[in-house]
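The values are calculated or read from the model by the stated rules, or taken from the named source; none is laboratory data. Predicted model, so just to flag it, every value in this text is computed and none were measured. With ideal geometry, Cβ positions are generated from the backbone for all residues, glycine too; neighbour counts draw on all protein chains shown.
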Amino acid sequence: MRPNVDAQKIERLMQILGREARGSGCIYFTGGASALLIGWRDSTVDVDIRLDPEPPGIFQAIAKLKQELNINIELASPQDFLPPVPG
């Protein structure tokens, strides 16, 4: 089990992902990570992200950073769990 993630680790993650991506795209932080960055929490168990579109090289960087920073990174966002509104 990996230790909880704090704001400093997320900021480090953002810096490295920005350098490692070899193209354009957006990375959205969701779940506990977004609450942590806003200041609602002190830590989170994992970092949930959504990629749109997926920048080239990002998956290799994520795999490397999971080990290097000793954090859990998951591809998840609310739209993965919430059904669309009818109509």
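General remarks:
- Filtered residue count, the range 1-24, keeping only those that are surrounded by 13 or more Cβ atoms within 10 Å (Cβ to Cβ) and small (Gly, Ala, Ser): 2
- The residue list Asp80, Asp46 contains one member that is modelled with pLDDT of 90 or more and not polar (S, T, N, Q), which is Asp46.
- Subset of the range 38-50 that is over 9 Å from the mean Cα position of the chain (by Cα) and under 20 Å from Asp80 (Cβ atoms) - its residue that is surrounded by the most Cβ atoms within 10 Å (Cβ to Cβ): Thr44
- Residues that are surrounded by fewer than 16 Cβ atoms within 10 Å (Cβ to Cβ) and either among the basic types (Lys, Arg) or closer than 18 Å to Gln8 by Cα (or both), drawn from the range 25-37: Tyr28, Ala35, Leu37
- Scanning the range 1-50 for residues that are in contact (Cβ under 8 Å) with a residue 24 or more places away in the chain, assigned to a loop (DSSP other than H, G, I, E, B) and farther than 13 Å from Ala76 by Cβ returns Arg2, Pro3, Asn4, Asp6, Ala21, Arg22, Gly23, Ser24, Gly25, Cys26, Asp42, Ser43.
- Close pairs (7 angstrom Cβ cut-off, 6 or more residues apart or separate chains): within 20 Å of Val5 (Cα to Cα) and in a loop (DSSP other than H, G, I, E, B) in the range 72-84, hydrophobic (A, V, I, L, M, F, W, C) and at pLDDT 80 or above anywhere: Asn72/Val45; Asn72/Val47
- Looking only at residues of the range 51-71 that are touching a helix residue (DSSP H, G or I) at 6+ places or on another chain (Cβ under 9 Å) and outside any helix (DSSP H, G or I), we find that the one that is surrounded by the most Cβ atoms within 10 Å (Cβ to Cβ) is Ile71.
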